[in-house]
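Heads up: the structure comes next, in structure tokens.
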Amino acid sequence: MNKTTLLDDARQLLPGTIDLRRRIHANPELGLELPETRRAVLDSISDLDLEITLHERTSGVVAVLQGGRPGRTVLLRGDMDALPMPEDTGLPFASKTANTMHACGHDSHVAMLAGAARLLAGRRDAIAGKIVFMFQPGEEGHAGAHFMIREGVLEGVDAAFAIHIDPRLGAGRVATRSGALLASADVLEIKLKGRGGHASMPHDAIDPVTVSCEIVQALQSFITRRVNVFDPVVLTITTIEAGTATNVIPEAARLAGTLRSVSERARERAHAGIERIAKGVAAAHEVEAEVNIVRGYPVTVNDADSTDLALETAREQFGENAAVQMPTPMMGAEDFSFVLQKVPGAMLFLGARPDDIEHPLPCHSNRMQINEDAMAHGIALHAAIAERYLNGA
């Protein structure tokens, strides 16, 4: 009789995994407080003889599996929160909550992690060490990982891994890279104060609208002329607010946007340049400028050894061509970056492209869908990485 693989075993768990994913998908929750999602997680793992800790400042859940022998500790993470946006998929299990949708695959992340916990619990006697299952709220801008770290989720952890689905990548394929994988994400705001007046007499006013436009252009020139193209920064002004009437020059204007970078050096250079340019251009026109930059998630940096382990594991489980090293980082951001600042590890992308959709939409689309069968690969990959790391392969 042929010995079953982890993927075979994971496929046996797929019906329950799909049910859990759909339960969470239909009842999405935002931010750090996710009572229904937490309840679904606890229901799914309640019979597995895991040490459960409920975090107090958030709806975070930590479940620890003790292996049959002593050894190291590895953490596996799944994020749980949805996005504040409508769902227009038409699925029978679509969101029941207005303007709230699991459009980033976190519902599948939870389901895959719970499936991995079940798979590994059945193999605990062969495991040397501990596995920490981190069910984390608040990834979408709320820094849930940061709060869980403060409550001790990383105590004693030697390495950490996370899987994020990608609905455009072939189902079951794995992609990642060592070094910078995802960008930092900061929010910037520039407030301008001029002098209001009549639109027919701009010489008697100090117009902050024209200065706003000049600052936007100057910032784009700064990015292309003063930032190393091989250490990139993406600066996008997404909001310009000013004025109340067509015949009135307003006194004030406001610009806001986002800044992404894949190194702390480029990030700091961009911060300094934004303030220098905004204030310099404003001063040239006798406009007052206030610049505020709120630091968001840091760069997500994969440890080289952990990345190699993850890719080798994926190839071993799914075939030599199933895993690839990404040539460049992506400019999205992730709060798993806080975890990887503390312990070595890696984040991976798992393909979940639907078979019946010719042009699949990316994460954060109101019509995003995934191939639920691909979740079996996520379960198996979580389990295989944990076993390979703990058993010293």
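The values are calculated or read from the model by the stated rules, or taken from the named source; none is laboratory data. Everything numeric here is computed off the predicted structure, so don't read it as measured data. As a convention, Cβ positions derive from the backbone with ideal geometry for all residues, glycine included, and neighbour counts pool all protein chains shown. Each accessible area value is taken on the protein alone, full model and side chains, heavy atoms only, with ligands, DNA and RNA left out. Shrake-Rupley method; radii C 1.70, N 1.55, O 1.52, S 1.80 Å.
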Quiz item: Does the stretch 225-235 contain at least one residue that is polar (S, T, N, Q) and either modelled with pLDDT under 95 or open to solvent by 10 Å² or more (accessible area, probe 1.4 Å) (or both)?
Solution: yes
Practice problem: Keeping to the stretch 101-141, report how many residues are of a type in the set (D, E, K, R), open to solvent by 10 Å² or more (accessible area, probe 1.4 Å) and assigned to a helix (DSSP H, G or I). | Solution: 3
Practice problem: Identify the residue in the stretch 149-172 that is in contact with a Phe, Trp or Tyr (Cβ under 7 Å, 6 or more places away or on another chain) and part of a loop (DSSP other than H, G, I, E, B) and, among all such residues, is most open to solvent (accessible area, probe 1.4 Å). | Solution: L169
Self-check item: Wholly enclosed helices (runs of 4 or more DSSP H) of the stretch 1-65 bearing at least 1 residues crowded, with 21+ Cβ neighbours inside 10 Å, of a type in the set (G, A, S) and touching a Gly at 6+ places or on another chain (Cβ under 8 Å)
Solution: 6-12, 35-45
Self-check item: Failed item, numbered, when V294 is tested on (1) open to solvent by 50 Å² or more (accessible area, probe 1.4 Å); (2) more than 19 Å from the chain's Cα centre (by Cα); (3) farther than 16 Å from Y389 by Cβ
Solution: (2)
Exercise. Might you check whether a residue that is assigned to a helix (DSSP H, G or I), among the β-branched types (V, I, T) and touching a Lys or Arg at 6+ places or on another chain (Cβ under 9 Å) occurs anywhere in the stretch 288-309?
Key: yes
Practice problem: Taking the residues in the stretch 183-193 that are aliphatic (A, V, I, L, M) and open to solvent by less than 10 Å² (accessible area, probe 1.4 Å) as candidates, determine which candidate is farthest from A304 (Cα to Cα). | Solution: L192
Quiz item: For the stretch 360-387, how many residues are of a type in the set (A, V, I, L, M), assigned to a loop (DSSP other than H, G, I, E, B) and open to solvent by less than 40 Å² (accessible area, probe 1.4 Å)?
Solution: 2
Quiz item: What number of residues within the stretch 298-327 satisfy the criterion of being surrounded by fewer than 19 Cβ atoms within 10 Å (Cβ to Cβ), of a type in the set (S, T, N, Q) and touching a residue at least 24 places away in the same chain (Cβ under 8 Å)?
Solution: 1
Exercise. Output the residues belonging to the stretch 339-386 that are modelled with pLDDT of 95 or more and charged (D, E, K, R).
Key: K342, R353, R367, E372, D373
Quiz item: From the set of residues in the stretch 244-257 that are out of contact with any Lys or Arg (no Cβ under 8 Å at 6 or more places or on another chain) and surrounded by fewer than 17 Cβ atoms within 10 Å (Cβ to Cβ), which is nearest to N302 (Cα to Cα)?
Solution: A256
Quiz item: Quick check: anything in the stretch 194-213 modelled with pLDDT of 95 or more, under 18 Å from F349 (Cβ atoms), open to solvent by 30 Å² or more (accessible area, probe 1.4 Å) and not hydrophobic (A, V, I, L, M, F, W, C)?
Solution: no
Self-check item: Those residues of the stretch 87-96 which are touching a residue at least 60 places away in the same chain (Cβ under 8 Å) and either surrounded by fewer than 16 Cβ atoms within 10 Å (Cβ to Cβ) or touching a helix residue (DSSP H, G or I) at 6+ places or on another chain (Cβ under 8 Å) (or both), in sequence order
Solution: D88, L91, F93, A94, S95, K96
Self-check item: Residue pairs meeting the criteria (Cβ under 9 Å; at least 6 apart or on separate chains; first under 20 Å from H382 (Cα atoms), in the stretch 342-369; second among the aromatic types (F, W, Y) and open to solvent by less than 60 Å² (accessible area, probe 1.4 Å))
Solution: G345/F161; G345/F336; A346/F161; M347/F161; M347/F336; L348/F161
Quiz prompt | Condition met for G105 (at positive phi and within 23 Å of the chain's Cα centre (by Cα)) | solution = yes
Exercise. Just need a number here: residues in the stretch 69-80 that are of a type in the set (G, A, S) and open to solvent by less than 50 Å² (accessible area, probe 1.4 Å).
Key: 1
Self-check item: Within the stretch 44-88, considering residues that are of a type in the set (D, E, K, R) and within 30 Å of P362 (Cα to Cα), the one nearest to the chain's Cα centre (by Cα)
Solution: D79
